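*Asks:* I have a structure I would like to understand better, so I am pasting it below and will then ask my questions one at a time.
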Amino acid sequence: MRVIIGEDSALFREGLARLLTDAGHRIVALAGDAPALEEAVVSTPCDVVVIDVRMPPDLTDDGARAARRIRMRRPDLGILMLSQHIEARHSVDLVAAGRFGYLLKDRVLAVDEFLASLERVAAGGSVLDPEVVTRLIGGRAEQNLLAGLTPRELEVLSLMAEGRSNTAIARRLWLTPRTVETHVGNVMTKLGLATSDEDHRRVLAVLAYLRGAEGGVSV
């Protein structure tokens, strides 16, 4: 897998590059700021790009903004954002297109899980850090359409937002797969999502969930 890394900390950037190289992946470009990252993506064939949310030149959400522009140019490219902070303004829209992940940086220390997440994103899936989901739950869900969900349905939806399958959700909550299917169906009905492609409906449900809590998350 060909990887581009956008990270302003030289120590973290080189460490991540070494980790991925040791795992058999090929680092095709390294960038220390958002403009250099976007230039690398345009000029260098790759399968996935790892982006720090806060990068130069502004050290605010430059990486997240770069990710949105990269998505517009390369809808086929996997994007995995890493951060010590949770940013929702740009990431909500990125989830919709798939091939997207958002992990807190300390998740890299769980090497096997991190590598699995990166490979999932590159293959077209989505991965959201459980802590990101937890923080999003703490937003304004009680003021929007999610207020109609039961606590268990909201829990199931939060696990869907982490990219978990019904089977994985069942294992996590100690429920039967059929019970999870029922909860998922109730979520879809309460969110007004018509019957269509199941994967598409799950993405729409997660988007409704994220947008509902988006206003309560700081950058």
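The values are calculated or read from the model by the stated rules, or taken from the named source; none is laboratory data. Everything numeric in this text was worked out from a predicted model, so none of it was measured. Positions of Cβ are backbone-derived with ideal geometry, glycine not excepted, and every protein chain shown enters the neighbour counts.
*Asks:* Hey, can you tell me all the residues within region 15-25 that are in contact with a strand residue (DSSP E or B) (Cβ under 8 Å, 6 or more places away or on another chain) and exposed (fewer than 14 other Cβ atoms within 10 Å of the Cβ)? Before the answer, list the steps.
*Replies:* So the first thing to find is which residues in region 15-25 are in contact with a strand residue (DSSP E or B) (Cβ under 8 Å, 6 or more places away or on another chain), and the list is 16-17, 20-21, 25.
T21, the sole residue that qualifies.
*Asks:* Next up: Would you mind stating whether V48 is surrounded by 13 or more Cβ atoms within 10 Å (Cβ to Cβ), within 30 Å of V180 (Cβ to Cβ) and modelled with pLDDT of 90 or more?
*Replies:* Spelling it out, V48 is indeed surrounded by 13 or more Cβ atoms within 10 Å (Cβ to Cβ), within 30 Å of V180 (Cβ to Cβ) and modelled with pLDDT of 90 or more.
*Asks:* Do we find that A213 is modelled with pLDDT of 65 or more, of a type in the set (A, V, I, L, M, F, W, C) and either in a helix (DSSP H, G or I) or farther than 30 Å from R54 by Cα (or both) in this structure?
*Replies:* no
*Asks:* Being in contact (Cβ under 8 Å) with a residue 12 or more places away in the chain and farther than 18 Å from L11 by Cα is the filter here, so list the residues in region 29-42 that pass it.
*Replies:* P35, E38, A40, V41, V42
*Asks:* Return the residues of region 25-65 that are under 15 Å from the mean Cα position of the chain (by Cα) and under 22 Å from D106 (Cβ atoms); say none if nothing qualifies.
*Replies:* Correct list: V48, V49, V50, I51, D52, V53, G63, A64.
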